[in-house]
Amino acid sequence: MENDIIIIEDAHKSFGRVKALTGVSLRVGRGEVVVIVGPSGSGKSTLLRSINHLETLDRGRIVVDGIPLTQAENINRVRAEVGMVFQQFNLFPHLTVVGNILLAQRIVRRRTAAEAEKIAHELLEKVGIPEKADSYPSQLSGGQQQRVAIARALAMQPKVMLFDEPTSALDPEMIKEVLDVMLDLARDGMTMVVVSHEMGFARAAARRIVFMDEGRIVEVGPPESVFTNPRHERTKLFLSRILR
């Protein structure tokens, strides 16, 4: 479909004898929020990381905004359009919050210092921590650091945002502040692919839930369908363990 910004076709990936992905196909529409759930080792993060070529497929095809990842010269073009937020915040400890958000803007987007700084302050306002602009990462809580990481990714004005378990390293009381930022992004129409165990967020934000197990997509559907009336026994078993 013309509206698909991410196209994954017959993706295969192995790590030694472990098959992380086995024939995975998925399409994500522009402005769609897709949440990928499943047990540990099901291939969720491998699939996500393959979208911006942090993992290289053994077989299959990925196209992002019309750009095929099969050609080496396209990888940086795709990465420039795809923001990614990891479990760990990966902020530079020697740079202030603003410094972390400025860096890629200056190097990759070639923005002037004034332009990049304006964007940085606007995004800190958006993620709810404008007062932390001159702080260093060590002076921030985990939730604040993750919000800086989101702002840093957004500063590149990506067409797609990928989130790999963005709250798993956070204390429980910090999780909501990060999920609230992600909900705002979803409401703003950002295309998002999220690997998460936060089922409340999945219900509130996702247009589709993708359930993976053993490197395959087992079930795909709207949240209300997957959570309340799953079709597959494997999905039912997984949800019975986490929706208590």
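The values are calculated or read from the model by the stated rules, or taken from the named source; none is laboratory data. Note that this is a predicted model, so its numbers are computed, not measured. Positions of Cβ are generated from backbone atoms using ideal geometry, with glycine treated the same way; all protein chains shown enter the neighbour counts. Heavy atoms of the whole protein, side chains included, go into the accessibility calculation; ligands, DNA and RNA do not. Shrake-Rupley method; radii C 1.70, N 1.55, O 1.52, S 1.80 Å.
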| said: Based on this model, can you work out whether GLU177 counts as touching a helix residue (DSSP H, G or I) at 6+ places or on another chain (Cβ under 6 Å), surrounded by fewer than 20 Cβ atoms within 10 Å (Cβ to Cβ) and touching a residue at least 24 places away in the same chain (Cβ under 8 Å)? | reply: yes
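Residue-wise test of (1) open to solvent by 70 Å² or more (accessible area, probe 1.4 Å); (2) within 23 Å of PHE163 (Cβ to Cβ).
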site: ASN90; (1), (2): yes, yes
site: VAL98; (1), (2): no, yes
site: GLN105; (1), (2): no, yes
site: THR112; (1), (2): yes, no
site: LYS118; (1), (2): yes, no
site: VAL127; (1), (2): no, yes
site: ASP134; (1), (2): yes, no
site: LEU140; (1), (2): no, yes
| field | Top-ranked residue in region 29-53 [being under 14 Å from the mean Cα position of the chain (by Cα) and charged (D, E, K, R); ranked as surrounded by the fewest Cβ atoms within 10 Å (Cβ to Cβ)] | value | ARG49
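Within region 186-195, is even one residue open to solvent by less than 50 Å² (accessible area, probe 1.4 Å), modelled with pLDDT of 90 or more and assigned to a helix (DSSP H, G or I)? Break it down stepwise before answering.
First, pick out the residues of region 186-195 that are open to solvent by less than 50 Å² (accessible area, probe 1.4 Å): 186, 189-195.
Subset that is modelled with pLDDT of 90 or more: 186, 189-195.
Still in the running and assigned to a helix (DSSP H, G or I): 186.
Yes.
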| note | So, first residue modelled with pLDDT under 85 in region 231-244, second residue open to solvent by 70 Å² or more (accessible area, probe 1.4 Å), Cβ within less than 9 Å, six or more apart or across chains; the pairs are ILE242/HIS197
| request: Identify all residues within region 204-213 that are open to solvent by 20 Å² or more (accessible area, probe 1.4 Å) and in contact with an Asp or Glu (Cβ under 8 Å, 6 or more places away or on another chain); write none if there are none. | output: ARG207, ARG208
| task | Select from region 11-28 the residues that are within 23 Å of VAL226 (Cα to Cα), surrounded by fewer than 20 Cβ atoms within 10 Å (Cβ to Cβ) and of a type outside the set (Lys, Arg) and list them in ascending order. | result | THR22, GLY23, SER25
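Which one of these is more than 21 Å from VAL218 (Cβ to Cβ) and either among the hydrophobic types (A, V, I, L, M, F, W, C) or touching an Asp or Glu at 6+ places or on another chain (Cβ under 7 Å) (or both): LEU21, LEU54, LEU26, LEU48? I'd like the intermediate steps shown before the answer.
Values: LEU21 fails: more than 21 Å from VAL218 (Cβ to Cβ); LEU26 fails: more than 21 Å from VAL218 (Cβ to Cβ); LEU48 fails: more than 21 Å from VAL218 (Cβ to Cβ).
One residue alone meets the criteria, LEU54.
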